[in-house]
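Worksheet: the structure to be examined is printed underneath.
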Amino acid sequence: MTCYDADESLQLAAWARDAGDFPCEVHQADTPAFAEAVYPGMDHSRVNLVDAGHAENHPDIVDSILEVVDLVILTLSPNPDYERLTKPERGTALAKVIKRSAALREDGRPPTTYVLLNRCQAGAASPKKYADPLKNGGEKGTGGPSCPPRSRGGRASRARSASPATSPSARRRTTR
């Protein structure tokens, strides 16, 4: 796997540098020309992970990333990340940013998107409270249809939820 740090804070690159034995190579890629300048040089036979950080802080970079990525994994804690991404004080809700990226993409569809709830307490009610509104494309249909999350059993599995926000045809292409 190769990592690309497209967050203007360059935290991933700093972590890799500070760790010394980071498990993969990290490239700085914080450019609004990501699709034209970075993507063509990637080794497409490998897994390439792009860290976009807080997307609302650099929408020009995120638009360029969404133009070419195959999959978006959006990690968020139940609160305050949920509020920041669904009802930002300034800017556009991230589900709408992802949805509008379809116009930039070759296939005319937004990338397959999963939401991964993190920083959840096992057995807490908050993960379900925030996962339910993300199903079926999010509140007010800002995304697309979803598949129910898969459970692996045990208490820890309840602390996570994944919900795709893509078209039905994109969901059919996704293997599980």
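The values are calculated or read from the model by the stated rules, or taken from the named source; none is laboratory data. A quick note: this is a predicted structure, and the numbers were derived from the prediction, not measured. As a convention, Cβ positions derive from the backbone with ideal geometry for all residues, glycine included, and neighbour counts pool all protein chains shown. Side chains are part of the model used for accessible areas, which takes the heavy atoms of the whole protein and leaves out ligands, DNA and RNA. Shrake-Rupley method; radii C 1.70, N 1.55, O 1.52, S 1.80 Å.
Numbers at a glance
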{"read-out": "Output for the range 28-73, where each listed residue is buried (at least 19 other Cβ atoms within 10 Å of the Cβ), assigned to a strand (DSSP E or B) and in contact with a Phe, Trp or Tyr (Cβ under 6 Å, 6 or more places away or on another chain)", "value": "Val50"}
{"read-out": "Where a residue in the range 54-71 is modelled with pLDDT of 90 or more and its partner, wherever it lies, is assigned to a helix (DSSP H, G or I) and open to solvent by 70 Å² or more (accessible area, probe 1.4 Å), with Cβ under 6 Å and at least six apart", "value": "Glu67/Leu104; Val68/Tyr39"}
{"read-out": "Pairs, first over 17 Å from Asn48 (Cβ atoms) in the range 14-32, second assigned to a loop (DSSP other than H, G, I, E, B) and open to solvent by 60 Å² or more (accessible area, probe 1.4 Å), C-beta under 9 Å, six or more apart", "value": "Trp15/Phe22"}
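Condition check ((1) touching a Leu at 6+ places or on another chain (Cβ under 9 Å); (2) among the hydrophobic types (A, V, I, L, M, F, W, C); (3) over 15 Å from Pro111 (Cβ atoms); (4) modelled with pLDDT of 95 or more) across all residues:
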residue: Cys24; (1), (2), (3), (4): yes, yes, yes, no
residue: Gln28; (1), (2), (3), (4): yes, no, yes, yes
residue: Thr31; (1), (2), (3), (4): no, no, yes, yes
residue: Val38; (1), (2), (3), (4): no, yes, yes, yes
residue: Gly41; (1), (2), (3), (4): no, no, yes, yes
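Residue by residue, here is whether (1) within 26 Å of Cys24 (Cα to Cα); (2) modelled with pLDDT of 85 or more; (3) out of contact with any His (no Cβ under 7 Å at 6 or more places or on another chain); (4) crowded, with 20+ Cβ neighbours inside 10 Å holds:
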| site | (1), (2), (3), (4) |
| --- | --- |
| Ser77 | yes, no, yes, no |
| Arg105 | no, yes, yes, no |
| Arg109 | no, yes, yes, no |
| Thr113 | yes, yes, yes, yes |
